[in-house]
Structure formats: structure tokens, C-alpha cells
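To start, the structure itself, in C-alpha cells.
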Amino acid sequence: MPDGVDRSAAHAPLIEAVLAEFSRFATAAQQRAFQEWKRRSVSLTHLGVLMALRAEGPLSMGRLAEQLDVSVASATGIVERMERLGLVSRERGEDDRRVVVVKPTQGGRLIIEELGAQRTDAVRRLLNELDARELGSLLVGIRALGEARERIGTNDPPDAGERGKPA
């Protein structure tokens, strides 16, 4: 804490309430998105692969398997199905021809772009329902989250296993 005061006990009920609201909000949005992608024959696993490729760039099959927490054989099967859907391509590594590198295709990149656009549109519709005071308060809160993220020294939110550990 900036002022050296441990506020965790006092904040606990508020933190739990905020987490519950985030969870409720995210669950409904994820369910709608999942139904849309399922209709297109794109699974959550496929979306996970596309998001990993978006975040890290082309990945070797071994690294992708690590990201998905599956065996290389399972990752190969996933990538083969995604190739048939036109979402990814496999190429030999430039430095080591034995390495197979997975890259998103234009079709895979379009899916991620569409997902982002749909999320932005959904949030915009919600924000349009707020008045100026509510929007201002939300902006203050979001900026506070960004500052807290900078204080703990990461651009990623801590995962469930990190909660409760000192920053």
C-alpha cells in the first residue's frame, strides 16, 4: 500500500463484491460469444490457440502445447483441425527446419478482430446506458486499476495462484 496501511481486511467485502460483479458480467458475455463461435465451428480451444498466437506471435508446436497445457500430440490434433478450418498454418522453422511453427492465417486473425470488435460494441452499448457521473466514476476506477497494476509491476492480472502473495 502506498501509505503503508494494510487495508486487506477492510477491503475484503468490497473486493469480493467487485469480483462477483466482474464474474457475473464476464460470464454472460462469454456465453454469448461462445454460442456465436460454436455456430461457426470454432471451439474455445481454437480461440485459446488464436489468442496465444496473437499475444506471442508464431509459436513452435512444443511451445503451443505448453501454452494449452496439453501434449504435443494433442496440440498437433488441435492444429490439424484448425488448419482444415483455415484458421492457422504450419511452417518449418527458419533457424531449425525440424521445428514446426504455427501461425494464424488471415481467417484466424479475422476471428480475433471480430471478437474484439464484438466485445467493444457490447461494452459501448452498456456505457451508453450510463450517465456522465457514472461514466466518470467508472473511468476513475479503471484508471485506479491501471495504477495498481503498475505498482505491482505487471501488465497482466495475477492468476488465481498468485492471489494473496505479497506484491
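Details
- Pairs, first closer than 15 Å to ILE142 by Cβ in the range 118-129, second surrounded by 10 or more Cβ atoms within 10 Å (Cβ to Cβ), C-beta under 7 Å, six or more apart: LEU127/LEU135
- Matching option when the condition is modelled with pLDDT under 95 and surrounded by 10 or more Cβ atoms within 10 Å (Cβ to Cβ), among VAL18, VAL5: VAL18
- Of all the residues in the range 99-113, those that are surrounded by fewer than 18 Cβ atoms within 10 Å (Cβ to Cβ) and modelled with pLDDT of 95 or more number 3.
- Scanning the range 54-93 for residues that are under 17 Å from LEU110 (Cβ atoms) and among the acidic types (Asp, Glu) yields a total of 1.
- Residues that are closer than 21 Å to GLY48 by Cα and surrounded by 11 or more Cβ atoms within 10 Å (Cβ to Cβ), drawn from the range 82-98: MET82, GLU83, LEU85, GLY86, LEU87, VAL88, SER89, ARG90, GLU91
- Residue check, VAL140 among the hydrophobic types (A, V, I, L, M, F, W, C), without any contact (Cβ under 8 Å) to a residue 24 or more places away in the chain, surrounded by fewer than 11 Cβ atoms within 10 Å (Cβ to Cβ) and assigned to a helix (DSSP H, G or I): yes
The values are calculated or read from the model by the stated rules, or taken from the named source; none is laboratory data. These numbers were taken from a predicted model, which means no experiment stands behind them. In this analysis, Cβ positions are derived from the backbone assuming ideal geometry, glycine residues included, and neighbour counts consider all displayed protein chains.
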